[in-house]
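Taking it in order: structure first as structure tokens, then the write-up.
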Ligand SMILES: C[S@@+](CC[C@H](N)C(=O)[O-])C[C@H]1O[C@@H](n2cnc3c(N)ncnc32)[C@H](O)[C@@H]1O
């Protein structure tokens, strides 16, 4: 039980809390910067009920494992790989948000607005969904950082499935808004999420 107060737990849990706080606060600040305070609600913090449940589950897994099998959390190369994924995923996502500017909205647009321009430059030259690619790496990275095997697999599966369903839906509207320009862009640019065409 004392392992919960060990150096390992303090370090891994503080990294986790810092990663979460930084992610959500920066999403909110960037949303305000690009869309204006009056157009942004607390939903831009991106904290849903399912997300909260997943995070609580991952912390429960962490506490149970560190109490019963403390050695599991001592694989520092695994934890450091997770930390690197958190930083890289965060960077990719924030570069995507800054590159797309006003075209990046947390809710998928179903009606074309004048200021909504097709973005194909910067990081969007390499992948069509850098924001989702970054979040996928970030979220799985948080669990690798905690050396949580069950949540690593669970997060990878759930987040992947979420984007595998969301991307075709989002692209249906993008094709509608931008026509052949989007079709050609999608033809030559990978999605950025593994196994999603
Ligand atoms: C949460 S953002 C995600 C953007 C993108 N899927 C990504 O992962 O970086 C969703 C909004 O971005 C818009 N969007 C997605 N790709 C776009 C692009 N290449 N150019 C302009 N708008 C885009 C969609 O219309 C949608 O309203």
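Nothing in this text is a laboratory measurement; each read-out follows from the coordinates by a stated rule. Keep in mind it's a predicted model, so treat the numbers as computed, not measured. Here the Cβ positions follow ideal geometry from the backbone for every residue, glycine too, while neighbour counts run over all protein chains shown.
For the reader, a short list of remarks on this structure follows.
- By the count of other C-beta atoms within 10 Å, a proxy for reagent exposure, 166, 187 are ordered fewest to most as 187, 166.
- Whether segment 107-153 is rounded, prolate or oblate, judged on the alpha carbon gyration tensor where a/c under 1.5 counts as rounded: prolate
- Between residue 197 and residue 67, the FRET efficiency estimated from the beta carbon spacing at R0 = 41 angstrom works out to 0.45.
- Packing, as the average of other Cβ atoms within 10 Å across residues, places the peptides 122-134, 3-15 in the order 122-134, 3-15, highest first.
- Cα gyration tensor category, rounded, prolate or oblate, for segment 17-92 with a/c compared to 1.5: oblate
- Using alpha carbons only, the radius of gyration of segment 147-197 set against its Kirkwood radius gives Rg/Rh = 1.14.
- Peptides 151-161, 20-30, 105-115, 82-92 ranked from most to least packed, by the mean per-residue count of other Cβ atoms within 10 Å: 82-92, 151-161, 20-30, 105-115.
- Sites residue 120 and residue 172 - FRET efficiency at Förster radius 22 Å, r taken between beta-carbons, to 0.05: 0.75
- Three-way shape label, the chain, alpha-carbon gyration tensor, a/c 1.5: prolate
- Length-normalised contact order for segment 7-188 - Cα pairs under 8 Å, 6+ apart - percent: 26 percent
- Helix 76-100 axis, angle to the chain major axis (alpha carbon atoms, nearest 10°): 20 degrees
- Theoretical FRET efficiency, 1/(1+(r/R0)^6), r = Cβ-Cβ of residue 3 and residue 51, R0 41 Å, to 0.05: 0.90
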